[in-house]
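Report on the structure given below.
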Amino acid sequence: MDKVCRNVLVIEDEESIRQMIQDVLELHGYNVFTASNGAEGISLLSEIVPEPCVVLLDLMMPGTNGWQFLDVQRNTPAFSKIPVVVCSAYKESAKSIHPSAFVEKPIQLKSLLGTVRKFCA
């Protein structure tokens, strides 16, 4: 029987939000890797083994933003199948990029955990 993947990549520029997500997910048994922008996220993707079961992605970030991360991720065969959940206050902006799922900010922990569980079950 395959072991369930518990690796989650969180890409969020706001340290307090990034830390809160990490703390909550780690309390529920996930291995959390964090990046403060899309460029760090792309670099981390190749280092996480096994690959993350899901990426939690903010859109509005300085430097390499969420849209740019998605462009690279979706066009890199090794990473293109990893589900991406957009975490943003801008639901309309997120719809246009067709994420695997959406978690609205301010983040409700029940919604966050339920969404991660769907992809990491």
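Quick notes on this structure:
- Scanning the chain for cysteines with no neighbouring cysteine C-beta under 4.7 angstrom from their C-beta gives C87.
- Structure-derived semi-axes √(5λ) of the Cα gyration tensor in Å - corresponding label in (i) 42, 15, 9; (ii) 29, 24, 11; (iii) 19, 17, 14: (iii)
- Across region 99-112, rounded Karplus estimates of 3J(HN,Hα) from the backbone phi angles (6.51 cos²θ - 1.76 cosθ + 1.60, θ = phi - 60°) give x, 5, 6, 9, 10, 7, 8, x, 6, 8, 4, 4, 5, 4 Hz, Gly and Pro being marked x.
- Rolling a 1.4 Å probe over the protein heavy atoms gives the chain an accessible area of 54 Å² per residue.
- Value of relative contact order over the chain, rounded to a whole percent, pairs C-alpha under 8 Å and six or more apart: 24 percent
- Restricting attention to the chain, the count of lysine pairs at 8 or more positions apart or across chains with alpha carbons under 16 Å apart stands at 5.
The values are calculated or read from the model by the stated rules, or taken from the named source; none is laboratory data. Remember, it's a predicted structure, so these values are computed and weren't measured experimentally. Positions of Cβ are generated from backbone atoms using ideal geometry, with glycine treated the same way; all protein chains shown enter the neighbour counts. Areas reflect the complete protein model, heavy atoms only, side chains present, ligands, DNA and RNA absent. Shrake-Rupley method; radii C 1.70, N 1.55, O 1.52, S 1.80 Å.
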